[in-house]
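Reading through the structure tokens given below for one structure.
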Amino acid sequence: MMAEIETVKERAVRYARSLEEKVAERTRELETLSRHDALTGVLNRRAFDEALRLEITRAKRGAKPLVLLYVDIDDFKAVNDARGHQKGDEALRLLADVLTEASRESDIVARLGGDEFCVVLPGVDLEGANEYCERLIRTLRTRDPTLALSIGVSPTGPLEFEEPEQLLHAADMRMYEEKARHHDGLHPDAAGLAVS
């Protein structure tokens, strides 16, 4: 009788451990889903906001520069209309892949929504940001030469730092300035930068 009780007890303990492992795994999966964009796999807006704050704090502490890029596909609605929403989704996934490929491990890539992405480049100045953008544009052209980007570049640090909201707003405004230039026919190539 005691042996049977011990056997049942061991089974119950194994079952409880198995449930705990499943719950822990599911919790990890939910955490990943809550922080990453479902379509592209890069960080979502919520996770990006947290990461940007953290990176600005680190940059201040280390007195290092930081650059925020605001990236947008030109005429994305036309891409969706001409190619269909599935092709539009493929374009978004492609851009996320290309942004990630062009990035270092320490860089942060996020989709804010629609066709708008941001990249945080810690420890990078304007020259480094321009090199990143050139790499990005070259890679995108080899994968899909029909896509064009507008990129707003907003630096901060190493001596004075913008608050996250100000930095994001400045990058967004610069991206729209570049997009307006594209619509006016003032860009010689498939992507442009608005930098200050």
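PHE48: surrounded by 16 or more Cβ atoms within 10 Å (Cβ to Cβ) and part of a strand (DSSP E or B), yes or no?
Criteria not met by PHE48.
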Among (1) open to solvent by 90 Å² or more (accessible area, probe 1.4 Å); (2) closer than 28 Å to THR156 by Cα; (3) not in a helix (DSSP H, G or I) - the single one ALA38 does not satisfy: (2)
Test set (1) of a type outside the set (S, T, N, Q); (2) part of a helix (DSSP H, G or I); (3) open to solvent by less than 90 Å² (accessible area, probe 1.4 Å) - VAL71 fails condition number: (2)
Residues (without any contact (Cβ under 8 Å) to a residue 40 or more places away in the chain and under 17 Å from LEU95 (Cα atoms)) located in region 111-130: GLY114
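The values are calculated or read from the model by the stated rules, or taken from the named source; none is laboratory data. Predicted model, so just to flag it, every value in this text is computed and none were measured. Reconstructed Cβ throughout: ideal geometry from the backbone, glycine too, with neighbour counts over all protein chains shown. Ligands, DNA and RNA are stripped out before the accessible areas are found, and what is left, the full protein with its side chains, is counted by its heavy atoms. Shrake-Rupley method; radii C 1.70, N 1.55, O 1.52, S 1.80 Å.
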